[in-house]
Amino acid sequence: MVEDQMPRYFLEISYNGTAYHGWQIQENAVSVQEKLNQALAILLREEVETIGAGRTDTGVHAKQLFVHFSHPSSVLQNKEKFVHSLNALLPFDISAKRLIEVSRDAHARFDATQRSYEYHVHFQKDPFLHQFSWQLRDRPDIEKMNIAAQDLLGKQDFSCFSKSNTQVFTNNCDIKCAEWVWDGEKLIFHITADRFLRNMVRAIVGTLMEIGLGKKPIEHIKAVIQSKDRSKAGTSVPACGLYLTEVAYPYID
């Protein structure tokens, strides 16, 4: 059966990214996609091509990521049983959440209308936060960082926060939300946009931290954006604190 005539499915997954070189398959490194494809191949008895909603970098976590694939197998009809069987084959740090049949032209990457990330920061040594949050010694000024974050909102060219030599057609992104909040003793940055560039969130957090720690003025973020120069922005913060938390589609609850 030709692929575009097969039933298409969205699979919702989550993962602890510590042990992986990101989502996407790579030649000389272990990725989340590789492990997922291996498990799907066992259940469906042939290799399956998966397409993810986006790529996460080495060490980055995902509370929600959707992937799509097409396959005619009848074992996919009992969705709950399939997810249970898939989880039995996946490593402990990758979890399948739900399987959803979608239209045959649905696309996990191109149909996503917005994506949300969180970045977690803590200030006291905690073995249970190791590899899941960034430990800082000094507490930043959250008010200054939130004032500066307002300059991120709207559709702009964010070349200044992107890794160089990325193969994208535009560096324009529409940021809808960017806010720091306290969660007990932890500090969490929430950001939502229609799309993100590679390394963008970690570079934004690093730049806002320079402002929060008094190394740069509040107006610095606006100058960085206008420069379109990655060297003007702050250092990328560690991957361990970053989580992809939501990918939204018009046809999925």
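The values are calculated or read from the model by the stated rules, or taken from the named source; none is laboratory data. Every value quoted in this text rests on a predicted model; they were computed, and no experiment measured them. Backbone-built Cβ (ideal geometry, glycine too); neighbour counts: all protein chains shown. In case anyone asks, the SASA skips ligands and DNA or RNA and just uses the protein heavy atoms, side chains included. Shrake-Rupley method; radii C 1.70, N 1.55, O 1.52, S 1.80 Å.
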Which lysines, if any, have their Cα less than 18 Å from the Cα of Lys97, not counting same-chain residues under 8 positions apart? Lys35, Lys63, Lys79, Lys81
Over the chain, one equal point on each Cα, no solvent: what is log10 I(q)/I(0) by the Debye formula at q = 0.08, 0.10, 0.16 Å⁻¹? -0.34, -0.53, -1.17
Excluding same-chain pairs closer than 8 in sequence, count the lysine pairs in region 173-253 whose Cα atoms lie under 19 Å apart. 5
Taking the Cα centre of the chain as origin and charging only Cβ (+1 Lys, Arg; -1 Asp, Glu), how large is the dipole, in debye to the nearest 20? 460 debye
Using mean Cβ contacts within 10 Å as the protection proxy, how do 221-227, 92-98 order, highest first? 221-227, 92-98
Volume per residue (Å³) of the convex hull spanned by the alpha carbons of region 1-70 is 92 Å³
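Give the relative contact order (percent, whole number) for region 81-163; include only Cα pairs under 8 Å separated by 6+ residues. Numbers along the way, then the final one.
Values: 29 pairs, mean separation 12.6, N = 83.
Reported relative contact order: 15 percent.
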Quick check on packing: order 99-108, 135-144 by the mean number of other C-beta atoms within 10 Å, highest mean leading. 99-108, 135-144
In the chain, taking the dipole from +1 charges on Lys and Arg beta carbons and -1 charges on Asp and Glu beta carbons about the Cα centre, the listed residue (Gln124, Val102, Pro7) farthest towards the positive end is Gln124
How long are the semi-axes of the equivalent ellipsoid of region 129-214, taking √(5λ) for every eigenvalue λ of the Cα gyration tensor, in whole Å from largest down? 24, 15, 12
Rg/Rg_globular for region 21-132, with Rg_globular taken as 2.2 N^0.38 Å and Rg from C-alpha atoms: 1.19
With no solvent and one equal point scatterer per Cα, compute the Debye intensity ratio I(q)/I(0) for region 161-253 at 0.12, 0.16, 0.25 Å⁻¹ and report its log10, rounded to two decimals. -0.42, -0.74, -1.58
State, as an integer percentage, the relative contact order of the chain based on alpha-carbon contacts under 8 Å between residues 6 or more apart. 23 percent
Quick check: at a probe of 1.4 Å, how many percent of the accessible area of the chain sits on carbon and sulfur atoms? 47 percent
